Amino acid sequence: MASDAPIGVFDSGVGGLSVLREIRERLPNESLLYVADSGHVPYGEKSPEYIRERCATIAGFLLGQGAKALVLACNTATAAAAAELRERYPDVPIVAMEPAVKPAAEATRSGVVGVLATTGTLKSARFAALLDRFASDVRVITQPCPGLVECIEAGELGAEGTRELLRGYVEPLLAEGCDTLILGCTHYPFLKPLLHELVPASVSLIDTGAAVARHLERLLNERGLLGSAAQPARFWTSGEPGQMERVLPVLWGKSTDVQSFPE
């Protein structure tokens, strides 16, 4: 596998761009491929079997494009499909996401941690195992957030409807004394500016994008696969390419063409 081959990253939609940005910042010499499965978003309301099928299709496509590593930039996809993909592709470095339960449990001062996540993530055995392993000494309050992913997919980061939806999810957690909030979906870091308006400055917001980029760097370094000459990032979506092109300047920081994902 060539060190200058690209890294393949995918998510149920555009939320994984929050992870892609961290990878670009950490590994500026890497070429990046990104698939937004926006035609099937949100994963959080889909069955694990459905998600595994989508992840297998996308992973196969990215490897067909020459990807040297895969990043599942989606907590729900990780819970449903990471183990199966690692079994199917044992020679490919595969980095997956999980809610930041451990750092949140270490950071809380009040002993109360709130989790904003999709229904699929919160129902998963992987999330239950995280709580058992890292959160036995703290109180964890989970909050499913239906509708938020769709707001972010539409690029409505500061819209009044998004604000009111988010307020309805956050206020019960604050009322219970949470001083630490886990952003348990890769879409949610794009709402940090809004969250900073809705929660006190004393409340910590924790996500795992930067940690994923560091872990990816370690895996590539161990295998001698660190790149040295980045090509421009390439994007595909199973949704409407024009819609993704409209939100890319906000979520990625620049305009670029988006191709239709070949189903």
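Read-outs throughout are calculated quantities, based only on the coordinates presented, and are distinct from any laboratory measurement. This one's a predicted model, so the numbers in the text were calculated from it and none came from an experiment. No Cβ is skipped: glycine too gets one built from the backbone with ideal geometry, and neighbour counts run over all protein chains shown.
What the table below lists for this structure:
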{"read-out": "Leading residue at positive end of dipole, the chain (Cβ point charges), from Gln143, Gln243, Gly39", "value": "Gln143"}
{"read-out": "Interchain or long-range residues, amide H under 5 Å from Leu32's placed H", "value": "Ile7, Gln231, Ala233, Arg234"}
{"read-out": "Pairs of alpha carbons in the stretch 101-206 whose separation is greater than 19 Å (percent)", "value": "40 percent"}
{"read-out": "Charged-residue dipole, Cβ positions (Lys, Arg, Asp, Glu), the chain about Cα centre, Debye nearest 20", "value": "520 debye"}
{"read-out": "Whole-Hz couplings from phi, Karplus 6.51/-1.76/1.60, listed for the stretch 121-134; x for Gly and Pro", "value": "5, 5, 7, 6, 5, 5, 5, 4, 5, 4, 4, 4, 7, 10"}
{"read-out": "Using θ = phi - 60° and Karplus 6.51 cos²θ - 1.76 cosθ + 1.60, couplings along the stretch 61-73 (whole Hz; Gly, Pro as x)", "value": "5, 5, 5, x, 7, x, 4, 8, 7, 10, 10, 8, 7"}
{"read-out": "Candidates Asp132, Asp37, Asp11: whichever shows maximal mean-square fluctuation once the chain is modelled as a Gaussian network with Cα springs under 10 Å", "value": "Asp132"}
{"read-out": "Fewest-first ranking of Thr118, Thr76, Thr108, using other Cβ atoms within 10 Å as the exposure measure", "value": "Thr108, Thr118, Thr76"}
{"read-out": "Relative contact order [Cα under 8 Å, 6+ residues apart], the chain, whole percent", "value": "29 percent"}
{"read-out": "Computed over the stretch 101-206: relative contact order in percent, which uses C-alpha pairs under 8 Å that are six or more apart", "value": "37 percent"}
{"read-out": "Amide hydrogen neighbours beyond the local backbone of Val95, cut-off 5 Å, H modeled", "value": "Leu70, Val71, Leu72"}
{"read-out": "Listed peptides 94-103, 209-218, 224-233 by packing density, highest first (mean Cβ within 10 Å)", "value": "94-103, 209-218, 224-233"}
{"read-out": "Choice from Leu17, Leu70, Leu166 with maximal GNM fluctuation in the chain (Cα, 10 Å cutoff)", "value": "Leu166"}
{"read-out": "Value of D in µm² per second that Stokes-Einstein yields for the stretch 113-152, Kirkwood Rh from Cα pairs, at 20 °C (1.002 mPa s)", "value": "196 µm²/s"}
{"read-out": "Local net charge near Glu176, Cβ-Cβ under 15 Å (Lys/Arg +1, Asp/Glu -1)", "value": "0"}
{"read-out": "Selected from Gly147, Gly15, Gly44 as most flexible by GNM, with the chain as the system and alpha-carbon contacts under 10 Å", "value": "Gly147"}
{"read-out": "Estimated vicinal HN-Hα couplings, Hz - the stretch 214-226 in sequence order (Karplus 6.51, -1.76, 1.60; Gly, Pro = x)", "value": "5, 5, 4, 4, 4, 4, 5, 5, 4, 9, x, 10, 5"}
{"read-out": "Around Pro42: net Lys/Arg minus Asp/Glu count, Cβ-Cβ under 14 Å", "value": "-2"}
{"read-out": "Exposure proxy ranking, count of Cβ atoms within 10 Å, fewest first, for Ile7, Ile206", "value": "Ile206, Ile7"}
{"read-out": "Proximal charge balance of Asp257 [Cβ under 13 Å; K/R count +1, D/E count -1]", "value": "+2"}
